[in-house]
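Worksheet: the structure to be examined is printed underneath.
The values are calculated or read from the model by the stated rules, or taken from the named source; none is laboratory data. Quick caveat, the model's predicted, so the values are computed rather than measured. Methodologically, a virtual Cβ is constructed for each residue, glycine included, from the backbone with ideal geometry; neighbour enumeration extends over all protein chains shown. Just the protein is used for accessible areas: all its heavy atoms, side chains included, with ligands, DNA and RNA removed. Shrake-Rupley method; radii C 1.70, N 1.55, O 1.52, S 1.80 Å.
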Amino acid sequence: MADLKTNYMGIELKNPIIVGASNLVTDLSYLKKMEENGAAAIVYKSLFEEQIHLENLQMEEGLSEFEDRNAEMLRIFPDMEHSGPKAFLMQLRKARKAVSIPLFASLNAVYRETWGEYAEELEKTGVDGLELNFYANPQNLDRTGKEIVEEQLDIIRDVKSRIKIPVAVKISPFYTNIPMVVKKMSEAGADAVILFNRFFQPDIDIESESHHFPYNLSNEEDNRLALRYAGLLYGNIDATICANTGIYQGSDVVKMMLAGAGAVQVVSALYKFQINHITKMLGELNAWMDKKGYANTEEFVGKLSRKNINDPFTYKRAQYIDILMKSEKIFKNHPTI
């Protein structure tokens, strides 16, 4: 049997499949079942600073209430006895004790000053690492992309200076130059980068003329963007590359690792096929490695990255042009068009 071990942000994992952050992980029985079915690590549900501040408040009231934060404030936590960060940290400690595999915390903070403060509190729970979720949805028309990136880099440096556990950064695909941004994040101290965050987008019900936010699971085709950038980044950064979104089968794990990912995160596949699907995915990965004669994952990770292939156009726009030039084949297969 092949050796499935891999390294993720400096931590040795027994295999490359990590369960990503979701509501599933808040149930301790589910956590234990994930471990039993072979999950190498689990990311606990994110701590959302917005949720803490705005619970039981209207959004505008909450934002105006906290807009005068400053560096002289003595503490970041609002006075909530039975909710907020205290309750979250208590549940996270229980989760840490419930499983023996690595457990990572996840953080979505709002204010520049609070990322590091929350990171320190999360570290105290005994988690093995911390995942920072970066997503900028600026409403200020004058704020530049450079300002947003520089702020995120400062947050990474601040968090790394405050805690000892490794730090991963989960990013969106909406940067102008993703390889440049990821390289800078790695240089700022990020031990891993997760490609990519999946966000809920607003929709409109035209009958009620109101907004709603549908919960959409990812599709397998959604993993291609992560595959492209894993292939571009492999060998160019020190941080571990982790692929997220659209990881459904063992074959998807193989593809991502061939491109350059050292690990993957799964969520939608567990909602769709249940937790024991992890065992199936691991079986498919192991069978493929045995078939190809790979004794361990190091032998093929990054094999098809830009760094290790002879074709210079695979990850470039020329690939897109080539596909367009051959599009007549699609019509030949659909004579009714």
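Can you pull out every residue in segment 280-307 that is farther than 14 Å from residue 1 by Cβ and under 21 Å from the mean Cα position of the chain (by Cα)? Matches in segment 280-307: 281, 301, 302, 305.
Which ones in segment 33-65 are exposed (fewer than 14 other Cβ atoms within 10 Å of the Cβ) and either over 24 Å from residue 121 (Cα atoms) or at pLDDT below 50 (or both)? Result: 36, 55, 56, 57, 58, 59, 60, 61, 64. Please tell me if residue 95 is assigned to a helix (DSSP H, G or I), open to solvent by less than 40 Å² (accessible area, probe 1.4 Å), farther than 21 Å from residue 170 by Cα and at pLDDT 50 or above. It is true that residue 95 is assigned to a helix (DSSP H, G or I), open to solvent by less than 40 Å² (accessible area, probe 1.4 Å), farther than 21 Å from residue 170 by Cα and at pLDDT 50 or above. Elements of the type strands (runs of 3 or more DSSP E) sitting completely within segment 138-223 and holding at least 3 residues that are open to solvent by less than 30 Å² (accessible area, probe 1.4 Å): these cover 167-171, 192-195. Does residue 105 meet the test of being at pLDDT 95 or above, assigned to a helix (DSSP H, G or I), open to solvent by less than 40 Å² (accessible area, probe 1.4 Å) and within 30 Å of residue 37 (Cβ to Cβ)? So residue 105 fails the test. Selection over segment 263-305 of residues that are surrounded by 15 or more Cβ atoms within 10 Å (Cβ to Cβ), in contact (Cβ under 8 Å) with a residue 60 or more places away in the chain, under 29 Å from residue 169 (Cβ atoms) and polar (S, T, N, Q) gives a count of 3.
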